[in-house]
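First comes the structure, then the notes that go with it.
The values are calculated or read from the model by the stated rules, or taken from the named source; none is laboratory data. Please read these numbers as outputs of a predicted model, since none were measured by experiment. Glycine gets a Cβ as well: all are built from the backbone with ideal geometry, and neighbour counts include every protein chain shown. Just so you know, the surface numbers come from the protein's heavy atoms only, side chains and all, with ligands and any DNA or RNA stripped out. Shrake-Rupley method; radii C 1.70, N 1.55, O 1.52, S 1.80 Å.
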Amino acid sequence: MKKALPDKKTEPIWSSEAEMATIGSMMLSERAIEEVRMTVTSRDFYAPYHAEIFRAILFLNKLGRAVDFV
């Protein structure tokens, strides 16, 4: 039996991998934080936990503190 494709009206298209790559680049590079900040907001993340991490990175950066991913 074939699986039905997701209904495009109810199932948003998103990529967990893309969200993680964005966050990962921000954790590794202050320059990436500045570049991402210009185009992405926390509302652009589908996964709420990714949005929370994104906001935390921006908060730490605003305080002048390093992002520690441990």
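Assorted remarks:
- When the stretch 1-51 is limited to residues that are in a loop (DSSP other than H, G, I, E, B), hydroxyl-bearing (Ser, Thr, Tyr) and loosely packed, with under 13 Cβ neighbours inside 10 Å, the one that is modelled with the lowest pLDDT turns out to be 10.
- Residue among 25, 16 that alone is out of contact with any Leu (no Cβ under 8 Å at 6 or more places or on another chain), among the hydroxyl-bearing types (Ser, Thr, Tyr) and free of Cβ contacts under 8 Å to residues at least 24 places away in the same chain: 25
- Subset of the stretch 52-70 [among the aliphatic types (A, V, I, L, M) and either at pLDDT 95 or above or open to solvent by 100 Å² or more (accessible area, probe 1.4 Å) (or both)]: 53, 56, 57, 58, 60, 63, 70
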